[in-house]
Each structure stands twice: as C-alpha cells, then as structure tokens.
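Here is the structure we will look at, set down as structure tokens.
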Amino acid sequence: MTALQTALEAVLRSPEPQHLVSLQEALWLHRAALPPEERSRVDEALAVAGDFYRYLVDLQARLSARQFSELASWLDMAAVGAVALEHVTAGSRAWSELATAALSEALMAVGSRQYVKAWSAELQGVDLRAAWSLRDTLWRVSLAWQPNMDPEARLALVQRLTGPLLDGSLSPAGKLVLLARLYQVLLALQGMRLLAPHEPGE
C-alpha cells in the first residue's frame, strides 16, 4: 500500500485535522513524482483537503472539547468511510453512485442521532461557507468525470447531494456530520482519480 493510500484511508475512516496533514504531505510527495502535465489532479485533491482541514479547524475553535469529541465519534461510527474505501479499492468509476451511497449512509447516521440538542447558531456561517464550497467542487468534479452529462441532470445531482444542508431539514449537529461526510466523498473521488487514473467521461 502506498503512502497516499494509507493517508487517504485514515481520513476516510476517521477524519481528523492531523490525518489531513498527513494526507497533504502524501499528496505533495505523489505530485513530485508525476510529470508536470498530470499534477493538476493532485492540486485539486490538495484544494479539497485544504477546505476540509479549514472546516474542521473552524469547528474545533467554535465547539467545546466535548462537542468536538462527540462529532468525531459520530463520524467514526457512520459507515460512509467504508463505502468510499470499497469504491476506491475496487477502482470504481461510478462517482455519482459513490456520492449518492455516501449521502444515504450519512443521512442514516444523522437520523439516528437527532436527539442531540442544537449547537450554537454561530456555526451556521461555517456550515453555509462549507456548503457553498462543496457545491462548487461537486459541480467541477462532475464536469471532469462526465463532461457530456446534461447540465440539468448535473444540477439535479448537486442539489440532491447538498439539499439537506440548505433546506432546514437537519439539526446543526446533523449538518456537521453530513458536511464532513461529503468532504470525505470528494477526497475519495480525488483518490480514485489519482490511484486509478482514467479518461474523463468514462
């Protein structure tokens, strides 16, 4: 197993800032070994990892130690990391299937924890900024992987994946879990491109 695979698996199984630092370092080394024309894919993965890192650090700054510990335990218990790893390891190219499966698993994990009291309203700004970034990245990922997809179908997919973050149906705690899971999905997709390269549109 390569250093990149090891670092990616750590983030997918247990997303924590220190694991993202290790992933950043593995991506740097992976990028250095590639010819210049192939480095843009690594740059995209670094951008997603950076967004995820900043999101988690923002959460740590705004949540109590106990609340952040609770969030980490929810993320560890949900099965989305395993779903993503399955696709990456198998070299699956059905990115939309991975994203949809991950969304379903995340919503189930969130639904099982709806008893949690709402957290501070100041997290709303963090959530909305992350949702904006995720929507834009999902759109660009879909363009790279399926450039011939109908724009309306592409929009519908992005709306389906991120809709629960914007429609008020989730508690603040639920949004945190779902946002973290979607970041994991994006990193899994980027990992699939780096570990099993293929032509766009396949």
### Task
Neighbouring Cβ atoms within 10 Å as the yardstick, rank Arg181, Arg62 fewest first.
Arg62, Arg181
## Note on the structure
Listing Glu37, Glu44 by rising number of other beta-carbon atoms within 10 angstrom, fewest first, gives Glu37, Glu44
### Summary
For Tyr53, Tyr183, ascending order of other Cβ atoms within 10 Å (fewest first) is Tyr53, Tyr183
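Each reported figure results from applying straightforward, stated rules to the coordinates on display, with no laboratory input. Here the structure is a predicted model, which is why all the values come from computation and not from measurement. Neighbour counts run over all protein chains shown; Cβ positions are idealised from the backbone, glycine included.
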